[in-house]
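The values are calculated or read from the model by the stated rules, or taken from the named source; none is laboratory data. Every value quoted in this text rests on a predicted model; they were computed, and no experiment measured them. A quick note on method: Cβ atoms are made from the backbone with ideal geometry, for glycine too, and the neighbour counts reach across all protein chains shown.
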Amino acid sequence: MITPGYSPTATERVLPRMALDFTTASLDSRVTVTRALNTATRVNSSGYIETVNANLPRFDFSPTSVGTCRGLLIEESRENICLYSEQLNQLPWTASNASIVNDAVVSPSNVQNADLIREDTATSTHYASTSTIASAAGTYTVSLYAKAAGRTKFRIQQTVTTPYAVLIDLTAQTATTVVGGATGTVTDAGNGFFRCTMTYTTSVSIALSTVIYMANDAGSISYAGNGASGLYVWGVQLELGAFATSYIPTTTTSLTRNADVVSMTGTNFSSWYVSSSAALAAVVTPSLATGTRPIWQLDDTTANEIIALRGNVANPELYIVDGGAPQAQLDAGTIIANTQYGLCAAFATNSCAVSQNGATPVTTATATMPTVTQARIGSDGSNFLNGAVRTLRYWPQRVLNAEAQAFSKV
């Protein structure tokens with residue numbers, strides 16, 4: 001809703017008309033969250049993973065800096081196709097030259113339900129694996145939470161023939177490609193656990209089998225076991241996608257976490273949006289720097305009228321469409337995965353500017369302004385941020401370039 005002839009007060013030149021701070025772990029009553037089913041998780045304020053029921057916001061906290069809220073977690077829909085993600089003593093899991101000790105230690109969920117894969121004394125490979133799952137070509141990511149139990153190195157591998165594998169070193173917190181061009185990550189999950197991932201791409205349909213091999217200090221997966229050492233494992237996930245999303249627990253069947261759809265519509269939007277000569281600012285932490293990653297988008301429910309702050313591959317940008325025609329697409333800098341950044345855009349007819357992290361604004365003097373009726377947060381209806389939104393702010397006037405530069409600082 002645009003109010004003709006609107007003029008900001010002196011106070012509004014300094015203070016935003018609308019401000020959302022998700023790091024307070026509270027939801028403004030004007031914001032609606034929709035997410036079907038009770039299958040989503042988050043890290044809570046105590047640093048542990050817990051389930052969040054349908055249609056509730058996921059305020060995500062740091063597992064290592066307990067009590068620090070990272071903001072509102074917004075992700076696309078994903079499915080965990082690995083069964084019994086927390087019970088490696090159940091089929092389809094089996095062990096070779098190893099045993100599975102069920103519920104051996106407290107997991108990242110603060111429950112004693114992490115299993116121990118314990119090697120035997122054979123001179124061979126020692127591992128736990130799933131039976132095969134017929135899967136289509138595509139990019140997949142395996143993830144699991146691991147804690148050393150005498151072994152600090154292990155291999156995540158997918159399939160036995162034509163494998164994809166990475167070697168994980170929990171001490172160095174590294175993931176090294178072994179075969180198949182697979183890549184990996186190691187992230188501290190608190191209390192001695194690390195979330196370890198492997199991402200790989202197959203161009204053909206394949207029978208997937210997740211294998212967790214113990215490795216000796218030299219990184220070899222074939223060695224003489226000592227009958228005692230091994231690895232604590234919990235929360236195994238296999239998903240179709242180029243990165244790991246938040247944990248989706250499974251038992252007898254695969255499970256889908258639906259997308260987080262967050263919006264401000266009707267009077268919840270028009271109560272604060274009063275002029276398209278305005279400024280938007282945001283602070284976010286994206287999980288990746290690929291694809292289209294909206295921070296927030298103002299539109300008319302179509303793709304014809306858009307004002308958006310978003311990530312476009314590795315570029316944070318202001319994107320404006322009016323009457324179905326792109327008006328501005330200003331690249332403000334560079335996005336780094338899992339790294340917080342601030343972005344502020346100021347815009348009016350034939351006068352747009354955007355700044356990232358206090359840098360000199362990028363500008364254009366050619367643009368018409370769209371008519372918008374709602375705000376989407378962390379999504380454009382098809383693409384999702386896949387990260388945490390910390391703060392959002394709106395000023396009902398085209399602030400000065402120097403102000404936009406200042407407002408983009410984190």
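Show me the strands (runs of 3 or more DSSP E) found entirely inside the range 125-216 where at least 2 residues are polar (S, T, N, Q).
Those strands (runs of 3 or more DSSP E) span 127-130, 138-149, 153-158, 174-179, 183-190, 193-202.
From the list Val372, Val389, exactly one residue is part of a loop (DSSP other than H, G, I, E, B) and within 28 Å of Arg30 (Cα to Cα). Which is it?
Selected residue: Val372, the only one of Val372, Val389 that is part of a loop (DSSP other than H, G, I, E, B) and within 28 Å of Arg30 (Cα to Cα).
Tell me which of these Leu27 doesn't satisfy, since it passes every other one: (1) crowded, with 16+ Cβ neighbours inside 10 Å; (2) at pLDDT below 95.
(2)
In contact (Cβ under 8 Å) with a residue 24 or more places away in the chain, of a type in the set (Gly, Ala, Ser) and over 24 Å from Thr250 (Cβ atoms), is that true of Ala104?
For Ala104, the condition - in contact (Cβ under 8 Å) with a residue 24 or more places away in the chain, of a type in the set (Gly, Ala, Ser) and over 24 Å from Thr250 (Cβ atoms) - is not met.
Quick one: which residue in Ile81, Ile133, Ile117, Ile100 is farther than 27 Å from Thr64 by Cβ and touching a Lys or Arg at 6+ places or on another chain (Cβ under 9 Å)?
On inspection, the qualifying residue turns out to be Ile100.
Residue by residue, here is whether (1) among the hydrophobic types (A, V, I, L, M, F, W, C); (2) assigned to a strand (DSSP E or B); (3) touching a residue at least 60 places away in the same chain (Cβ under 8 Å) holds:
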| site | (1), (2), (3) |
| --- | --- |
| Pro294 | no, yes, yes |
| Leu309 | yes, yes, no |
| Pro316 | no, yes, no |
| Ala328 | yes, yes, no |
| Thr334 | no, no, no |
| Thr339 | no, no, no |
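Out of the residues in the range 363-384 that are in contact with a Phe, Trp or Tyr (Cβ under 9 Å, 6 or more places away or on another chain) and not small (Gly, Ala, Ser), which is farthest from Leu298 (Cα to Cα)?
Residue satisfying both the conditions and the ranking: Met369.
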